[in-house]
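The values are calculated or read from the model by the stated rules, or taken from the named source; none is laboratory data. Values in this document were obtained by computation on a predicted structure and should not be read as measured data. When we count neighbours, we look across all protein chains shown, and the Cβ atoms used for this are built from the backbone with ideal geometry, even at glycine. Accessible surface is based on the protein model in full, side chains and every heavy atom, while ligands, DNA and RNA are left aside. Shrake-Rupley method; radii C 1.70, N 1.55, O 1.52, S 1.80 Å.
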Amino acid sequence: MYKIIIIGAGAIGLSIARAISVNSEDSVLVIEKEESYGRGISSRNSEVIHSGIYYKPNSLKASYSTLGRELIYDFCKKNHIWYKKCGKLVVGNTNQSSELELLYKNANSNNVSDVRIIEKKEIQKLEKNVDSDLALYVGSTGIVSAHDLMTAFYKYSQSMNHDYLFKSEVKSIKQLDQGYELSVRNAVDEIETVSCEWVINASGLQSDIIANMLGDSFPKLKYSKGCYFKLGPRWRNAFSHLIYPLPDESKGSLGIHLTVDQTGSAKVGPSAHWVEGRNENYDVDSSLIDQFYYEAKLYIKGLKKEDLSPDYAGIRPKIWMDDNPMPDFYISHEEDKGYPGWINLIGIESPGLTASMAIGNDVASWIS
């Protein structure tokens, strides 16, 4: 019998395992359906360390972003993980000044420092290849190697002899007098059972399915697929900051934005398309090039359609709310619903990578 079972070995599950390893010697089993850690949605994102400017004040997304980004910067520095605190520009035209002003006020409400509205002359000094009348400069935004970050979390977990079951899926759950019994289909297609005192459901795209093995009182997810297109070699090292349009709240999206990686290569994305059913299809539809070109050329000077080529896609697990396309995280110890020792993390989409260490520390502190 384990003290703790974590379902999911993405950024959130690994960060929780890391936090547990730092604070206790509790026995831990991590169950992951992929063949290794960090292969799901955590490996298919923009690798951005978010500042926290977008989210509703006092929301989990806001608080975990502002705390989490500083934890990640510090952790990366101490553990020699590549990152770059490059800052970003949220660009707009003169007729969008009121929207930029509202975003600036929201950033202040969330205590995001080093934020200011700048005009065309300063934009040109910072980014000669960007065409914009106005921009919100956000100095605390950065980028990180998500894989290296998750590898570091995994090594901390391994240092405390945590067990990992890869290529394994939870099929059913039984609540015991004290704790839980999980039936798991393992890598050799056999069903085995394992019990524990605490279950931490950090299973990403399956988090609502796992939660609803207990009952139907938990949030449901809808998948939002986002595709990325990369820019050709002539754009390498052409940008010093991340470049974002104003967010598209109707789609629950931050818009098709430009990010760079460790090599200086640039990509734009993600798009946002609702996925019917629960189809995990990561193909990039090449016909989207027209949409990407149209949206990216609004702020990238001299962009040509032939500069773009399909790159990769990711899927966001969004809590489905008809009246709110940008819902908050759902993070809860379900004791009040009759499930002591069960912690759900549902709808951990962007800014989940940024929030991972802050979430991990909190969840680990709940376990006694």
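Structure values in brief
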read-out: Dimensionless Rg/Rh of region 213-368 - Kirkwood Rh, Rg from C-alpha atoms; value: 1.05
read-out: Ratio of the Cα radius of gyration of region 27-170 to 2.2 N^0.38 Å, where N counts its residues; value: 1.30
read-out: Orientation-averaged projected area, Cα convex hull of region 307-368 (nm²); value: 6.7 nm²
read-out: Aspartates and glutamates whose Cα lies under 19 Å from that of Lys121, excluding same-chain neighbours fewer than 8 positions away; value: Glu101, Asp131, Asp133
read-out: In region 1-98, the GluC sites (Glu not before Pro) that fall in loop regions by DSSP, at most 14 other Cβ within 10 Å; value: Glu25, Glu35
read-out: Surface share of carbon and sulfur [accessible, 1.4 angstrom probe, percent] for the chain; value: 45 percent
read-out: About the Cα centre, charge dipole magnitude for region 214-368 (Lys/Arg +1, Asp/Glu -1 at Cβ), debye; value: 760 debye
read-out: Two-site FRET efficiency, Ser183 against Asn161, from Cβ-Cβ distance with R₀ of 30 Å, rounded to 0.05; value: 0.80
read-out: Residue-span extension gain [Glu122 to Ser240] - 0.36 nm each, minus C-alpha spacing; value: 41.1 nm
read-out: Assigned charges on the beta-carbon of Lys, Arg, Asp, Glu; the chain dipole about Cα centre (debye); value: 1380 debye
read-out: For peptides 52-59, 73-80, sequence by mean Cβ density within 10 Å, most packed first; value: 52-59, 73-80
read-out: Residues of type lysines that Lys304 reaches as a straight line, Cα spacing below 19 Å, ignoring anything fewer than 8 places off in the same chain; value: Lys128, Lys230, Lys267
read-out: Expected-Rg normalisation [2.2 N^0.38 Å, Cα atoms] applied to region 111-226; value: 1.71
read-out: Partners for Lys155 among lysines (Cα-Cα distance below 25 Å; same-chain residues under 8 apart left out); value: Lys3, Lys33, Lys77, Lys78, Lys84, Lys85, Lys167
read-out: Taking all pairs of distinct alpha-carbon atoms in the chain, Kirkwood radius in angstrom; value: 21.2 Å
read-out: Assigned charges on the beta-carbon of Lys, Arg, Asp, Glu; region 2-109 dipole about Cα centre (debye); value: 220 debye
read-out: With Cα atoms, 0 to 90° folded angle of helix 60-79 axis to the chain main axis; value: 90 degrees
read-out: Inter-site label distance for Lys77 and Asp216 at 7 Å from Cα along Cβ, in nm; value: 5.1 nm
read-out: Pairwise FRET efficiency - Lys171 versus Asp248, Cβ, R0 = 41 Å, nearest 0.05; value: 0.60
read-out: Unsatisfied cross-links (Cα-Cα over 22 Å) in the set Lys61/Lys297; Lys56/Lys318; Lys120/Lys297; value: Lys61/Lys297
